[in-house]
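Input: a single structure, listed below in structure tokens.
The values are calculated or read from the model by the stated rules, or taken from the named source; none is laboratory data. The shown structure was predicted, so the numbers you read here are calculated from the model rather than taken from an experiment. Every residue, glycine as well, gets a Cβ built from its backbone with ideal geometry; the counts of neighbours run over all protein chains shown. Surface areas here come from the heavy atoms of the whole protein model, side chains and all, with no ligands, DNA or RNA. Shrake-Rupley method; radii C 1.70, N 1.55, O 1.52, S 1.80 Å.
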Amino acid sequence: MRQIEIAWEPIGAKVRVTLDEGRNSDLVEPLWASLPYKTLQGHALVAGDCFYHVPPAHDLLHAVPDYKVNRKIQPNGTVFLSAVQHLTIKYGELTEPMPTSPIGQVVPEDVDQLPKIGQMIWESVYGNGEPTIAHVRRVDGPAGHGVKRVDVGNEKLRGLIERIAAETERVLVDPTDELLDIHEGKSRGTSGAGTKNSVLTTLVAVNGETRPLGYVNYTTLVRAGRNIEMPLSSLIELAKILLVKPTEFLGYTGMNTLWDITKEVVAAFDVITTREDFVALMAQMATYVNALGAWNLQLFPWDIEGDNWTYRPTITRGANV
């Protein structure tokens, strides 16, 4: 029996998870191999009572689950893994019925504390509290933190892989100064992003570009490189289309490190001669971008809504019909 422990030191809580044996092994194995690690703990903002984090398990991006369920009707304590690198724990009512891949269960004696943990994490995210870092390890295994360097055959790519992995290790547990500047409105002084001195508009745009860049663009390229029969040259041209424009925009808003690394990635396409190296580079970048996306949600000023916020439409419906 394989078990993992997830501890949240700032809130003094931890739970143990028993992993499935023989079911959804394509998801369980990458997670197991990625341990131990630390990562920012998030909470669902739309789907209901569940919290999730980004594990640095690159192979989740192309894993094919053999078993899915409607997560709305699963018992509290069910643990899911997804292709967008979310390890999710259900602790109450969920509203989103999307089929999801279960990979384990919080041990029975730890389930009752999940609602309290979920509430504290919710307050950390939506209440603009201190970020909560999840410490994840094998039960009875060592603690620690690290991001796997995906193997590549091209010597020139190894330095770039190392840079991306090292940056990801930092971003999983700490926001970049660039993200902090953007969310504090300081990036206006360099790029001028934010029409008429607005800040919230830029935050919405940054989140709107970063999430699909990792969840969709990079993940799609990983899957295409592994599972779709198309020439490597076509994959590379597709990557340029999907990656350059959104990342150039994010660089303008203040995410200069991401833009600089992306330019190195695009330049590296000239030396890539195998699909394996292409997939490795895309997977390493996907984890990095997904970690950046998690911090966007943590730093966003959710208190602008408040408990008494009411939508006041300024457009009369059907007025122009």
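Scanning the stretch 35-63 for residues that are small (Gly, Ala, Ser) and in contact with a Cys (Cβ under 9 Å, 6 or more places away or on another chain) gives a single hit, Ala44.
Here Gly12, Gly22, Gly42 are screened, and the one residue that is touching a residue at least 40 places away in the same chain (Cβ under 8 Å) and either of a type in the set (Phe, Trp, Tyr) or open to solvent by 10 Å² or more (accessible area, probe 1.4 Å) (or both) is Gly42. Scanning the stretch 45-77 for residues being open to solvent by less than 10 Å² (accessible area, probe 1.4 Å) and outside any loop (DSSP other than H, G, I, E, B) gives a total of 5.
The criterion of being in a helix (DSSP H, G or I), free of Cβ contacts under 8 Å to residues at least 60 places away in the same chain, closer than 23 Å to Trp8 by Cα and out of contact with any Ser or Thr (no Cβ under 9 Å at 6 or more places or on another chain) holds for Glu123. For the stretch 134-154, the criterion of a residue being modelled with pLDDT of 95 or more, part of a helix (DSSP H, G or I), surrounded by 14 or more Cβ atoms within 10 Å (Cβ to Cβ) and touching a Ser or Thr at 6+ places or on another chain (Cβ under 9 Å) is satisfied by no position.
State yes or no: is Pro97 open to solvent by 20 Å² or more (accessible area, probe 1.4 Å), over 21 Å from Pro55 (Cα atoms) and at pLDDT below 95?
yes
Residues that are small (Gly, Ala, Ser), free of Cβ contacts under 8 Å to residues at least 60 places away in the same chain and either surrounded by 16 or more Cβ atoms within 10 Å (Cβ to Cβ) or out of contact with any Phe, Trp or Tyr (no Cβ under 7 Å at 6 or more places or on another chain) (or both) occur in the stretch 292-309; there is at least one. Scanning the stretch 156-210 for residues that are β-branched (Val, Ile, Thr), closer than 20 Å to Thr132 by Cβ and not in a helix (DSSP H, G or I) yields a total of 2. For the stretch 9-33, the tally of residues that are touching a Lys or Arg at 6+ places or on another chain (Cβ under 7 Å) and part of a strand (DSSP E or B) stands at 1. Test Val206 against the stated conditions and say whether it is under 19 Å from the mean Cα position of the chain (by Cα) and modelled with pLDDT of 95 or more. When the stated conditions are applied, Val206 passes them.
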